[in-house]
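Accompanying notes for the structure given below.
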Amino acid sequence: MAKATKVEQEITVEDKLHALYNLQRVVSNIDEIKTLRGELPLEVQDLEDEIVGLTTRLENFSAEIADVTAAISQKKIEIEEALAKIKKYEEQRENVRNNREYDNLSKEIEFQTLEIELCEKRIREFTAVKEHKSEEQQNASSQLAERKLDLEQKKGELDEIIGETKQEEEKLREKVKEIEAKIEPRLLTAFKRIRKNARNGLGVVVVERDACGGCFNKIPAQRQMDIKLHKKIIVCEYCGRILVDRELAEADNQD
Ligand SMILES: [Zn+2]
């Protein structure tokens, strides 16, 4: 009778450890899917924001180029007006009655000539600005085209991953239910609590190189022996994670 109880107990704890380790594997897979999905929507959002930004930049460039083009036209009109004045003054100078009138007209002509030079200088400056803006506009435009392609690609990937992982996640969640049914509620609650508090969502870890696979603190030899016996559920005294030995984990990793 005592022997039977002992055998039953042994099987039960080892089974529980296997169940816990398998549960950890499956929920870690679900975590991975979430991470995968969690990054792509962000990347898509970033691209969409960038596209909005570039579109605004392009609109600004167009407005600035239109302004500077109008300014160049204005200076050209001023040159035409100055040339007309010069022509008029030169005709008047042909018919002057005295030196004073001649000098006054000559001064006016000189003044208009300087005005024309100033306009030409402005036109050169505005043209340089226009060329620079046009170049920037072209860069932004090809950048926008690239980002739009990137966005299309990322959106495609995201749709694909959502499609793919939806099925996989459902399968994994079914598996979780199956495994959880094998674990007593109290232990399951404990596992969930440990997992929630642990970084990386690991509630069950393997002993690696004499240390806890969760917090990497050394585990005393006697405790490691106990872990290997699979007769008790043993938690790390530092981080509280449930510990399993490599042999038990490897047996589960094979299926
Ligand atoms: Zn630990």
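The values are calculated or read from the model by the stated rules, or taken from the named source; none is laboratory data. Quantities reported herein were computed from a predicted structural model and do not represent experimental measurements. Positions of Cβ are backbone-derived with ideal geometry, glycine not excepted, and every protein chain shown enters the neighbour counts.
Below, the figures for the structure above:
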| quantity | calculated |
| --- | --- |
| Flag if Glu164 is surrounded by fewer than 14 Cβ atoms within 10 Å (Cβ to Cβ) and modelled with pLDDT under 95 | yes |
| Any pair with Cβ under 7 angstrom, 6 or more apart, that starts in the stretch 194-211 at a residue that is in contact (Cβ under 8 Å) with a residue 40 or more places away in the chain and ends at one that is within 12 Å of the ligand (Cβ to nearest atom) and in a helix (DSSP H, G or I) | Gly203/Ile194 |
| Qualifying position, being part of a helix (DSSP H, G or I) and at pLDDT below 95, among Arg37, Arg57 | Arg37 |
| Test for Val26: is it hydrophobic (A, V, I, L, M, F, W, C) and not in a helix (DSSP H, G or I) | no |
| Conditions (1) within 37 Å of the chain's Cα centre (by Cα); (2) under 20 Å from Val26 (Cα atoms); number of the one not met by Cys215 | (2) |
| Residue among Arg241, Arg209 that is touching a helix residue (DSSP H, G or I) at 6+ places or on another chain (Cβ under 9 Å) and within 16 Å of the ligand (Cβ to nearest atom) | Arg241 |
| Matching residues, the stretch 222-238, being more than 16 Å from the ligand (Cβ to nearest atom) and surrounded by fewer than 19 Cβ atoms within 10 Å (Cβ to Cβ) | Gln222, Met225, Lys228, Leu229, Lys231, Lys232 |
| Residue check for Ala249: within 13 Å of the ligand (Cβ to nearest atom), of a type in the set (Gly, Ala, Ser) and within 38 Å of the chain's Cα centre (by Cα) | no |
